[in-house]
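Following: one structure in structure tokens, then a few remarks.
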Amino acid sequence: LIETEIAKQLNVSRGPVREAFRILESEGLLENRPGHGTFVHQPTERDIREVYSLRCLLEEEAFRLAAQRRTEEDLARLESTLQALFKAARENDHAQVRDLDVMLHRQIWEIADHHRLCNALNGLLTQVRMYVGVQTLTYSDLPAGISDHQILLEALRTQDIDLGLQMIRKHLGLAAEMVLDYYKKASSQ
């Protein structure tokens, strides 16, 4: 990516483009290679596995806390998001599915009411959104692909922590493998 060309295309000075590059680099989307330039980061297998393993650990703790703290109002809000998620899936609206999937998880993080845990998860948010976007594109049956969320919400409702943790591990483990397969296929073409 060439800073001056992007600035010219956007009709802005190089300062905002440089700042945008810095932000995107901090989020793991760009790489600055001194002497070579700035490039779009291509996730490695290690990158993907690290994001998913860290996300799994953090989401397990978020679920434990949320199961203890959730209110009927929280459950109603999650149910509303889940219904919107399934509606978007039936309509094959991949972008809306991605956004609602991430929103549902973030709502659970917020119910957990653990600021540092939320901050850590939010630090992964850009990569999470990117990988969830990849997942939604790879599902042959989008409603079936997101069905784990229904079980996760039921585990939260019944405060079945073991079932919730099992679903998080299953859901994120399968997701990681789907994303890895996608990038392996993309890099071999």
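Quick notes on this structure:
- Filter result for residue 107 (within 17 Å of residue 150 (Cβ to Cβ), loosely packed, with under 13 Cβ neighbours inside 10 Å and either of a type in the set (S, T, N, Q) or in contact with a Leu (Cβ under 6 Å, 6 or more places away or on another chain) (or both)): no
- Candidate set from region 26-57 (those that are in contact with a Ser or Thr (Cβ under 9 Å, 6 or more places away or on another chain) and assigned to a strand (DSSP E or B)); member that is farthest from residue 106 (Cα to Cα): 32
- Single unsatisfied condition, residue 1 versus (1) part of a helix (DSSP H, G or I); (2) closer than 27 Å to residue 182 by Cβ: (1)
- Residues in region 73-94 that are free of Cβ contacts under 8 Å to residues at least 40 places away in the same chain and not hydroxyl-bearing (Ser, Thr, Tyr): 10 in all.
- For region 171-179, the criterion of being open to solvent by less than 40 Å² (accessible area, probe 1.4 Å), among the β-branched types (Val, Ile, Thr) and either part of a loop (DSSP other than H, G, I, E, B) or at negative phi (or both) is met by at least one residue.
- Cβ pairs under 6 Å, 6+ apart, first in region 61-72 and basic (Lys, Arg), second open to solvent by 80 Å² or more (accessible area, probe 1.4 Å): 69/113
- The set of residues in region 119-129 that are in contact (Cβ under 8 Å) with a residue 24 or more places away in the chain, open to solvent by less than 60 Å² (accessible area, probe 1.4 Å) and either within 18 Å of residue 43 (Cβ to Cβ) or not small (Gly, Ala, Ser) (or both) comprises 121, 124, 126, 127, 128.
- Test: residue in region 132-149 that is open to solvent by 50 Å² or more (accessible area, probe 1.4 Å), closer than 13 Å to residue 63 by Cβ and part of a helix (DSSP H, G or I): no
- Check on residue 4, free of Cβ contacts under 8 Å to residues at least 40 places away in the same chain, more than 30 Å from residue 174 (Cβ to Cβ) and surrounded by 15 or more Cβ atoms within 10 Å (Cβ to Cβ): no
The values are calculated or read from the model by the stated rules, or taken from the named source; none is laboratory data. Source: prediction; values computed, not measured. Methodologically, a virtual Cβ is constructed for each residue, glycine included, from the backbone with ideal geometry; neighbour enumeration extends over all protein chains shown. These accessible areas exclude ligands, DNA and RNA; they are computed on the full protein's heavy atoms, side chains included. Shrake-Rupley method; radii C 1.70, N 1.55, O 1.52, S 1.80 Å.
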